[in-house]
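Okay, structure first, notes after.
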Amino acid sequence: MIDLRSDTVTQPTRRMRQVMMDAPVGDDVYGEDPSVNALEARAAQMLGKDNALFVSSGTQSNLIALLTHCARGDEYIVGQTAHTYRFEGGGAAVLGGIQPQPLDLNPDGSMDLELVASYIKPDDVHFAKTKLLCLENTHNGQRLPLEFITKARALCDQHNLQLHLDGARFFNAIAAQPISSQKLAEPFDSVSICLSKGLGAPIGSVLAGSNMFISEARRWRKMLGGGMRQAGVVAAAGLYGLENNIDRLIQDHRHAEQLAETLSSKFGQGSVQQATNMIHLNLEPARYEKLRAHMRNNDVMVDRPRWVFHLGISPQDIDKIINLINTLQI
Ligand SMILES: *Cc1c(COP(=O)(O)O)cnc(C)c1O
């Protein structure tokens with residue numbers, strides 16, 4: 001089975017499982033798990049931050065970041081289609097009394113910063129207190145323009161806002177351009193990365209920031225029930241992913257490019273958009289349904305017209321899919 005539904009479907013490899021088997025562990029709530037400590041130290045170093053926190057998921061990581069940056073009655077500005085607004089169950093509002101101010105994103109995932117500025121509330125009893133801007137990199141596979149990030153930071157400085165990055169696929173952005181991870185993370189006060197997507201770990205995310213931010217975040221993690229004990233078994237998989245699976249992400253991007261080319265010659269220009277490890281198809285629903293059924297009948301799992309490439313997909317798999325597309329009568 002070739003599964004293109006998401007890069008969350010990756011299975012830990014034999015070598016990753018071996019590392020998990022051999023991981024030294026301790027009670028992480030006491031700060032005594034050497035594998036968790038090693039992961040947190042390495043992630044902090046890679047993201048150029050003082051400290052980092054191993055958490056159960058990207059959703060928990062973003063929620064902890066929001067709870068740490070904002071108090072009850074505060075507000076964060078966020079993209080209408082950003083994960084931290086749309087796909088996290090309203091957690092910040094439900095659990096933190098934090099109001100979101102969603103705004104439309106530009107097609108490339110950036111925001112109109114004049115629009116953002118116009119939504120920063122003045123200090124007035126009528127308004128929630130605007131405290132934070134949240135960005136996402138990559139967004140729908142697209143990497144945020146560097147110039148936009150610099151300008152967003154300047155806007156935050158001007159208005160005394162914090163800046164959080166939902167970097168679930170941060171390392172796909174790194175693999176797609178010549179920039180260090182420290183440099184790309186530098187403008188942000190906090191950065192969340194997922195270990196369980198392209199990096200191939202079964203579970204986990206990491207939240208990075210200043211020492212003060214992370215000690216407060218650690219308190220929130222415990223309160224949310226996210227204090228884990230011998231978590232080194234899974235942290236070791238995450239560390240393995242950080243050490244071994246970043247450079248290979250470019251291969252996933254190549255696979256996406258190859259398939260985009262094939263689909264574009266089959267269905268015409270404009271029928272497909274590729275960005276890092278994703279392709280988005282833009283076909284009439286009936287045509288897409290035919291393609292989807294053809295794929296499924298041949299053991300290629302696809303769902304909505306977003307196909308995602310990851311370490312479970314080999315060059316042979318790509319050849320097979322290209323062949324399937326080329327032989328489809330449509
Ligand atoms: C997957 C994802 C998350 C959340 O990760 P989970 O581990 O599934 O909770 C957050 N943000 C973005 C952009 C994502 O793609």
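Please specify each residue of the stretch 46-80 satisfying the condition of being in contact (Cβ under 8 Å) with a residue 60 or more places away in the chain and either part of a helix (DSSP H, G or I) or outside the structural domain of Lys183 (by TED's automatic domain parsing) (or both).
Met46, Gly58, Gln60, Ser61, Asn62, Leu63, Ile64, Ala65, Leu66, Leu67, Thr68, His69
From Leu207, Leu239, Leu263, grab the single residue that is outside the structural domain of Gly26 (by TED's automatic domain parsing), of a type outside the set (D, E, K, R), in contact (Cβ under 8 Å) with a residue 60 or more places away in the chain and not in a loop (DSSP other than H, G, I, E, B).
Leu263
Between a first residue in the stretch 308-324 that is free of Cβ contacts under 8 Å to residues at least 40 places away in the same chain and a second residue that is buried (at least 17 other Cβ atoms within 10 Å of the Cβ), which pairs have beta carbons less than 7 Å apart while being 6 or more apart in sequence or on different chains?
Partner pairs satisfying both residue conditions: Leu324/His294; Leu324/Met295; Leu324/Val300.
What number of residues within the stretch 2-37 satisfy the criterion of being out of contact with any Ser or Thr (no Cβ under 7 Å at 6 or more places or on another chain) and either part of a helix (DSSP H, G or I) or on the phi > 0 side of the Ramachandran plot (or both)?
19
Please state which one of Lys151, Lys183 is under 16 Å from Lys49 (Cα atoms), in the same structural domain as Asn106 (by TED's automatic domain parsing), among the basic types (Lys, Arg) and not in a strand (DSSP E or B).
One residue alone meets the criteria, Lys183.
State yes or no: is Asp108 more than 16 Å from the ligand (Cβ to nearest atom), in a loop (DSSP other than H, G, I, E, B), of a type outside the set (Ser, Thr, Tyr) and farther than 24 Å from Met212 by Cα?
Judged against the criteria, Asp108 is not a match.
Within 26 Å of Trp220 (Cβ to Cβ), without any contact (Cβ under 8 Å) to a residue 40 or more places away in the chain, of a type in the set (A, V, I, L, M, F, W, C) and assigned to a loop (DSSP other than H, G, I, E, B) - does that describe any residue in the stretch 81-98?
yes
Taking only pairs six or more apart or across chains, which ones have beta-carbon atoms under 7 Å, a first residue in the stretch 1-30 that is closer than 30 Å to Ser215 by Cβ, and a second residue that is away from the ligand (no atom under 16 Å from the Cβ) and among the basic types (Lys, Arg)?
Cβ pairs passing all conditions: Asp27/Arg229; Asp28/Arg229; Val29/Arg229.
The values are calculated or read from the model by the stated rules, or taken from the named source; none is laboratory data. Since this is a predicted model, take the numbers as computed values, not measurements. Positions of Cβ are generated from backbone atoms using ideal geometry, with glycine treated the same way; all protein chains shown enter the neighbour counts.
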